[in-house]
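In what follows, a single structure is set out as structure tokens and then discussed.
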Amino acid sequence: MKRQIHLATGNLHKVQEMQRLADASALALRIVAAAPMPEVVEDTGTFVGNARKKVAALQAMLPAGAWVLADDSGVCVDELGGAPGVESAYFAGPQHDGAANLAKLVEVMRGVPAARRAAHFKCVLVLRGPDRLELAFEGRCEGVLAHEPAGGNGFGYDPIFVPDGYDRTYAQLSEKEKNAISHRGRAWMKLAEWLKKSGRP
């Protein structure tokens, strides 16, 4: 029987990606989507702070002893002083969605030469369990921004981000390729190592 970790998100793409990462790590885990995910104001100014708020909000709705995992991630662009960063999900304003956020970043960076298009994706995973146990794991992937979106895989800013060492965007990589190098994949590998060593949850 698979053990369960509740994922503090309403984004089904993230749930599916986390489940694939768990499966690839040979961990007998079922990643359970929040149903529903309570509204969380992501106002801490840091990835780890926002992830902690999401974990706490979902854990308060679950039975005692439940394991909860939250992800906070975003793309940080050197030319924009690290923006959108922790505001990645809200880059296009209150009526944001993935397509609008991506379109805004493409437009903001229009005309910026290749030499000034460096960026990185960052992910922080916060895992919280019984007895106030809380752990944070960080992953990062360096790259550059393409001039135009390309590829039909992934979500969010994936179609514009080209990881170092590749000539394709995240959205043009296979699932296996992306998970091996992505910010979320790298954070998950650290989490998976802890789970294997500790035998928990």
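Numbers at a glance
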quantity: Selected residue (criterion: surrounded by the most Cβ atoms within 10 Å (Cβ to Cβ)) from residues of the range 168-182 that are of a type in the set (A, V, I, L, M, F, W, C) and outside any loop (DSSP other than H, G, I, E, B); calculated: A171
quantity: Filter result (more than 23 Å from R140 (Cβ to Cβ) and of a type in the set (S, T, N, Q)) within the range 36-72; calculated: Q59
quantity: Per-region count, the range 154-169, residues at pLDDT 95 or above and either in contact with a helix residue (DSSP H, G or I) (Cβ under 7 Å, 6 or more places away or on another chain) or of a type in the set (A, V, I, L, M) (or both); calculated: 8
quantity: Count of residues meeting criterion [open to solvent by less than 40 Å² (accessible area, probe 1.4 Å) and at pLDDT 95 or above] in the range 109-130; calculated: 12
quantity: Which numbered condition V106 fails, given (1) over 13 Å from V75 (Cα atoms); (2) modelled with pLDDT of 95 or more; calculated: (1)
quantity: Test result for Q95, over 19 Å from W194 (Cβ atoms) and open to solvent by 20 Å² or more (accessible area, probe 1.4 Å); calculated: yes
quantity: Unique residue being modelled with pLDDT of 95 or more, closer than 18 Å to L7 by Cβ, open to solvent by less than 50 Å² (accessible area, probe 1.4 Å) and not in a strand (DSSP E or B) when the list is L69, L58; calculated: L58
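The values are calculated or read from the model by the stated rules, or taken from the named source; none is laboratory data. Here the structure is a predicted model, which is why all the values come from computation and not from measurement. Don't worry about glycine lacking a Cβ; one is built from the backbone with ideal geometry, like all the others, and counts go over all protein chains shown. Remember, those area values only see protein heavy atoms, side chains included, never the ligands or the DNA or RNA. Shrake-Rupley method; radii C 1.70, N 1.55, O 1.52, S 1.80 Å.
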